[in-house]
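Undergrad: Just dropping this structure here.
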Amino acid sequence: MDIETITRYIARATIRTVVFVRDDDRALVDPTSIFITWTDPNDLKVVDQENIISSGRLSQGIYEHYYRTTISSPKGYWRGLAEIIDGSGPTAVNTPLSFSVEVA
């Protein structure tokens, strides 16, 4: 799995995250679910496990998520988490990917 995001934003900007989901052969594949979580510098979850499997699909294995900051958004480092889940039940594979961006 790969994450693509710009690492520094000015408050009021829209943070765009692109998730690329690949299999062992590096081919793009669609997982069962992708959950996005954003936590601001004050440890407040502003997005809590939003499933982007339908709303964020660009093409096979490529998904995007947008979060708009405001002028009053806390400045500092925001933590992002993308949880890619493939399958269900006890055989499901959960791959968490952590990343961060700075809001200035």
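Undergrad: What does the charge count around ALA92 come to, taking other residues whose C-beta lies under 12 Å from its C-beta (Lys +1, Arg +1, Asp -1, Glu -1)?
TA: So the surrounding residues net to -2.
Undergrad: Calculate the all-directions average of the projected area of the stretch 2-103's alpha-carbon convex hull, and give it in nm².
TA: 6.5
Undergrad: Let me ask another. Where nothing but the Cβ of Lys and Arg (+1) and of Asp and Glu (-1) is charged, how large is the charge dipole of the stretch 2-103 around its Cα centre, in debye to the nearest 20?
TA: 520
Undergrad: If contacts are Cα pairs under 8 angstrom and at least 6 residues apart, what is the relative contact order of the chain in percent?
TA: 33
Undergrad: Among ILE53, ALA27, SER72, whose Cα sits farthest toward the positive end of the charge dipole of the stretch 2-103 (+1 at Cβ of Lys/Arg, -1 at Cβ of Asp/Glu, about the Cα centre)?
TA: SER72
Undergrad: Which of the trypsin sites (Lys or Arg not before Pro) across the stretch 10-96 are loop residues per DSSP, with 14 or fewer other Cβ within 10 Å?
TA: ARG12, ARG26, LYS75
Undergrad: Within the stretch 60-82, what residues put their amide N at less than 20 Å from the label point 7 Å along the Cα-to-Cβ vector of ASP24?
TA: Under cut-off, by backbone N: 61.
Values quoted throughout were computed directly from the atomic coordinates according to the rules given, and no laboratory measurement underlies them. Quick caveat, the model's predicted, so the values are computed rather than measured. We place every Cβ from the backbone using ideal geometry, glycine too, and count neighbours over all the protein chains shown.
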